[in-house]
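Remarks on the structure that follows.
The values are calculated or read from the model by the stated rules, or taken from the named source; none is laboratory data. Remember, it's a predicted structure, so these values are computed and weren't measured experimentally. Positions of Cβ are backbone-derived with ideal geometry, glycine not excepted, and every protein chain shown enters the neighbour counts.
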Amino acid sequence: MSKTAVVILNWNGRALLEKFLPIVVNNSEHPNVDIIVADNASSDDSVAFINDNFDNVGLIQLDENYGFAGGYNQALQQLNADYFILLNSDVAPESGWLEPLISQMDDDGNLGACMPKIRSYNEPDKFEYAGASGGYIDLFGYPFCRGRILDSIETDKGQYNKALPVFWATGAALMIRSDLYLKSGGLDEAFFAHMEEIDLCWRLKNMGYEIKVVPSSEVLHVGGATLSQQNAHKTFLNFRNNLMMLVKNLPSLRLLPILFFRMVLDGIAGIHFLTTGEFRHFTAVLKAHFSFYGKLPYVCRLRKKQAGFRLKDGHKEIYPQSIIWAFYIKGLRKFSELKHYHLD
């Protein structure tokens, strides 16, 4: 049994493995750490490339493409470690990135999961979209980050270098206790990809555990390597999965009012796509809602099953207002401008 298993999920990512896997191996020297690639039934030569070039990297070959959530669930069931680190194949860890994360988990038994600070691989002076220096959500379930509000990404000037509790940790570099991953149900495979790490972290918080960002650990992330921000299917997944996440995790008294307002806000977003000529994204919003309605029986069953995970009171890392309002009406572009979050 290893202490920490760094698991990289791959699907037809031979070029990414060639570029980033040597960096992961070279910068992950730490006692009792295993590096594993879980292959989602790639049709390229990813498996042969690993076998030919990386004797010190474990390999799990899955029989089909289970998506991000399903792929990790399948792979992690086959591993025995205290901690799992879910690491995207387009991530370049900085030297010494593991020690701060492992130390935080060792020192705090109530810490369920943590993440490093994430900077952009292509623009290293800036935070990266998918996590930055810690994830949050607003009153209506819209995610944002310490260092990234909607599509406004800040330059990293060390302003968010304090380790502190956050609401969610990025799926690009997520460290989690293995027993909690399994106990909580892992990543929801119905999500396929996008938002599933926020859903998982919400469950951990509802179970009474803390999520933390540890900025003394740093990685660089390309981002958008699977689906770009402009991809309509990503729009579909984000809108549908966010609604599913709300139904699964919100306290009963808040569920219907927030769901109603989300429907209104999603309608406004759809109209915006329509009036700006982004017809594929408008259609994606419609499809997302119909898919959500189709999955409601499944989501409600999970909600009932996970009833013991939900806290009646809120979490302090939930922004108690609308981040959409703060961004578009108030013109706020930086995390530090949100009055509720003057934490540093």
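Side notes on the structure shown:
- Residues in the range 154-177 that are within 19 Å of the chain's Cα centre (by Cα) and of a type in the set (Val, Ile, Thr): VAL166, THR170, ILE176.
- All positions within the range 164-193 that are touching a Gly at 6+ places or on another chain (Cβ under 9 Å), part of a loop (DSSP other than H, G, I, E, B) and touching a residue at least 60 places away in the same chain (Cβ under 8 Å): PHE167, GLY171, ALA172, SER184, LEU187, PHE192, ALA193
- The requirement of being surrounded by fewer than 20 Cβ atoms within 10 Å (Cβ to Cβ) and free of Cβ contacts under 8 Å to residues at least 12 places away in the same chain is not satisfied by SER95.
- Checking ASN122 against (1) buried (at least 19 other Cβ atoms within 10 Å of the Cβ); (2) over 13 Å from the mean Cα position of the chain (by Cα); (3) not small (Gly, Ala, Ser), the condition it does not meet: (1)
- Subset of the range 277-304 (residues that are without any contact (Cβ under 8 Å) to a residue 24 or more places away in the chain and at negative phi): GLU278, PHE279, PHE282, LEU286, PHE290, TYR293, GLY294, PRO297, ARG301, LYS304
- Test result for VAL24, crowded, with 21+ Cβ neighbours inside 10 Å, assigned by TED's automatic domain parsing to the domain that holds PRO93 and either within 23 Å of the chain's Cα centre (by Cα) or not in a loop (DSSP other than H, G, I, E, B) (or both): yes
- Any chance TYR66 is hydroxyl-bearing (Ser, Thr, Tyr), under 22 Å from SER2 (Cβ atoms) and in contact (Cβ under 8 Å) with a residue 60 or more places away in the chain: no
- Subset of the range 322-338 (residues that are surrounded by fewer than 17 Cβ atoms within 10 Å (Cβ to Cβ) and touching a Lys or Arg at 6+ places or on another chain (Cβ under 9 Å)): SER336, GLU337
- Residues (in contact (Cβ under 8 Å) with a residue 60 or more places away in the chain and assigned to a strand (DSSP E or B)) located in the range 27-40: VAL33
- Against the list (1) on the phi > 0 side of the Ramachandran plot; (2) touching a Pro at 6+ places or on another chain (Cβ under 7 Å), the condition ALA41 fails is (2).
- Residues that are among the acidic types (Asp, Glu) and over 23 Å from the mean Cα position of the chain (by Cα), drawn from the range 27-71: GLU29, ASP44, ASP45, ASP52, ASP55, ASP63
- Residue in the range 194-207 that is in contact with a His (Cβ under 6 Å, 6 or more places away or on another chain) and not hydroxyl-bearing (Ser, Thr, Tyr) present: yes
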